[in-house]
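As structure tokens, the structure follows; a few thoughts come after it.
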Amino acid sequence: MNPEEIIERYRDLQRYVGWNDDTPHRIQTIAPLLLPLIPQLVEDFYCEIQRHPATKRVITGGASQVERLRGTLEHWLRELLSGQYDQAYVIRRWRVGLRHVEIGLDQVFTNAALSRLRSGLARGLVDRWTGEAAELLLHLAALHQVLDLDLAIIEDAYQAEYAARLQRTERLATLGQIAGGIAHELRNPLNVIKTSIYFLLHAKNITPEKRVEHLQRIERQVNLSDEVITALTNFARMPVPTCTPFDVVACLREILEHTTALKVYDVIMDFPSVAPWALGDASQMRIVFDNLIRNAREAMLPGGQLTLAVSGVGDRVEVAVSDTGDGIDENQVSQVMEPLYSTKTRGLGLGLAIARSIVEKNQGTIRVASKKGQGTTFTVSLRAVPPPSGGASS
């Protein structure tokens, strides 16, 4: 967050806790009673830290660091009681949260430490107050408001910085996984291309048939490499869908007509007599269904049975794609649609992750059921809509 966003965040929190113009004035009123307590509070604070290994371990600079930290805490308490809560004040509080992430101090200890300081300040005010009890309660409420806001802005900064660091770490880990997957997927086709090029450059008296054979090999490997790059691009840049009513059965029939590789399988189409329509981006859903059909085909040997079933379930249209392959191990079922996870010996493991991402962007859901040795079923559920006027049955 930039300074303007941080101060606006603080002002919003002030409004949330019912802050008013009396609050700073009340803090300034009780400050003379509490300022003399600061050395005692600081001493108690750091004595308690020394008794807890989790907090003591972050103090690595010995006595000199503790002395600096004592001075910092004393300044922090004096600022707290100043009644001046401007942008500079808020930014300094925000930086406390950032610093706690840097030194590896769990936020729970900040909460506990502030609770200890709160108790000391409140107890000190009660002991020294000589006015009306009703006024004391109002002054205590103001003190708690200021402390609550300090804790809130420190914790907000802590969470923001912690989340940012975690995200950076996860991005680096994911980048490493992707890099390893790409290297694995591209190395084999590149090696094939390299050997064919070497042959074409150095072989003598190459027959036309042999030349064509190696050129075709190069073309196939280039296509394989292109598929890897396309998968990554699709996963990263899938556009926002344009959801309109589309004929689910017609979409599936179109895919089947253009998938010649299905000729060696027994394909069963369990379609209703009246074609259901669903809300979604037809071009994107075609990618999903094509991916699930290809996945089912690759899970089976020739002669296996592929079943496509379409049904209406309440206000939803469900498309089930089933195969009779080996199935998925029970401990792997929940992971098969995660990015970079694959049960295949080849592949980046992005196909099903892309499918899930598309379905969710199209306001749908996708689930998987599988039993080892009995096959797998992926079921896509989309919102059902009436066919447009004159819509034909499939």
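The values are calculated or read from the model by the stated rules, or taken from the named source; none is laboratory data. Everything numeric here is computed off the predicted structure, so don't read it as measured data. So basically every Cβ, Gly included, is an ideal-geometry build from the backbone, and we count neighbours across all protein chains shown.
Select, from ARG92, ARG128, the only residue that is out of contact with any Phe, Trp or Tyr (no Cβ under 7 Å at 6 or more places or on another chain) and over 17 Å from ARG9 (Cβ atoms). Quick ask: steps written out before the conclusion?
On the way: ARG92 fails: over 17 Å from ARG9 (Cβ atoms).
The conditions single out ARG128.
Against the condition under 20 Å from VAL359 (Cβ atoms) and touching a residue at least 12 places away in the same chain (Cβ under 8 Å), how does ALA296 come out, does it pass?
Judged against the criteria, ALA296 is a match.
Can you pull out every residue in region 231-287 that is at pLDDT 90 or above, surrounded by fewer than 16 Cβ atoms within 10 Å (Cβ to Cβ) and part of a loop (DSSP other than H, G, I, E, B)?
Selection gives PRO272 alone.
Are any residues in region 260-273 out of contact with any strand residue (DSSP E or B) (no Cβ under 9 Å at 6 or more places or on another chain) and not small (Gly, Ala, Ser), and if so, which ones?
Within region 260-273, the first condition is being out of contact with any strand residue (DSSP E or B) (no Cβ under 9 Å at 6 or more places or on another chain), and the residues that meet it are 260-261, 263-264, 273.
THR260, LYS263, VAL264, listed by residue number.
When both residues are 6+ apart or on different chains and their Cβ atoms are under 9 Å apart, which pairs have a first residue that lies in region 306-329 and is over 14 Å from TRP277 (Cβ atoms), and a second that is of a type in the set (Asp, Glu) and in a loop (DSSP other than H, G, I, E, B)?
Listed pairs, sorted by first residue: LEU306/ASP323; THR307/ASP323.
Here's a check for you: in region 41-78, which residue that is hydroxyl-bearing (Ser, Thr, Tyr) and modelled with pLDDT under 70 is farthest from ALA113 (Cα to Cα)? Write out each step before concluding.
Looking only at region 41-78, we keep the residues that are hydroxyl-bearing (Ser, Thr, Tyr), and these are 46, 55, 60, 64, 72.
Remaining after also requiring modelled with pLDDT under 70: 55, 60.
On the way: THR55: 10, THR60: 19 Å.
Once the filter is applied, the top-ranked residue is THR60.
Look through THR376, THR324 and report the one residue that is at pLDDT 90 or above and either in contact with an Asp or Glu (Cβ under 6 Å, 6 or more places away or on another chain) or in a strand (DSSP E or B) (or both). So that I can check it myself, show each step before the final result.
On the way: THR324 fails: either in contact with an Asp or Glu (Cβ under 6 Å, 6 or more places away or on another chain) or in a strand (DSSP E or B) (or both).
That would be THR376, the only listed residue that is at pLDDT 90 or above and either in contact with an Asp or Glu (Cβ under 6 Å, 6 or more places away or on another chain) or in a strand (DSSP E or B) (or both).
Among LEU117, LEU81, LEU121, LEU98, which is crowded, with 18+ Cβ neighbours inside 10 Å and either under 35 Å from the mean Cα position of the chain (by Cα) or modelled with pLDDT under 90 (or both)? Give the steps one after another, and end with the answer.
On the way: LEU81 fails: either under 35 Å from the mean Cα position of the chain (by Cα) or modelled with pLDDT under 90 (or both); LEU121 fails: either under 35 Å from the mean Cα position of the chain (by Cα) or modelled with pLDDT under 90 (or both); LEU98 fails: crowded, with 18+ Cβ neighbours inside 10 Å.
The conditions single out LEU117.
In region 80-93, what residues are part of a helix (DSSP H, G or I) and either touching a Pro at 6+ places or on another chain (Cβ under 7 Å) or under 16 Å from ASP148 (Cβ atoms) (or both)? Walk me through how you get there before you give the answer.
Of the residues in region 80-93, the ones part of a helix (DSSP H, G or I) are 80, 87-93.
LEU80, GLN87, TYR89, VAL90, ILE91, ARG93, listed by residue number.
Need the failing condition index for ASP290 against (1) at pLDDT 90 or above; (2) part of a helix (DSSP H, G or I); (3) crowded, with 18+ Cβ neighbours inside 10 Å, just the number.
(1)
From the residues in region 206-225 that are of a type in the set (Val, Ile, Thr) and part of a helix (DSSP H, G or I), which one is surrounded by the fewest Cβ atoms within 10 Å (Cβ to Cβ)? Steps first, answer last, please.
Step one: filter region 206-225 for residues of a type in the set (Val, Ile, Thr), giving 206-207, 212, 218, 222.
If we keep only those that are part of a helix (DSSP H, G or I) too, we end up with 212, 218, 222.
Details: VAL212: 11, ILE218: 18, VAL222: 14.
The residue in question is VAL212.
For region 380-394, how many residues are loosely packed, with under 13 Cβ neighbours inside 10 Å, modelled with pLDDT of 70 or more and in contact with a strand residue (DSSP E or B) (Cβ under 9 Å, 6 or more places away or on another chain)?
2
Checking the structure you have, find out if any residue of region 234-247 is of a type in the set (S, T, N, Q) and out of contact with any Leu (no Cβ under 9 Å at 6 or more places or on another chain). Don't jump to the end; show me each part of the working.
Residues of region 234-247 of a type in the set (S, T, N, Q): 234, 242, 244.
Now drop any that are not out of contact with any Leu (no Cβ under 9 Å at 6 or more places or on another chain), which leaves 242.
Checked against the condition, which is being of a type in the set (S, T, N, Q) and out of contact with any Leu (no Cβ under 9 Å at 6 or more places or on another chain), region 234-247 yields at least one hit.
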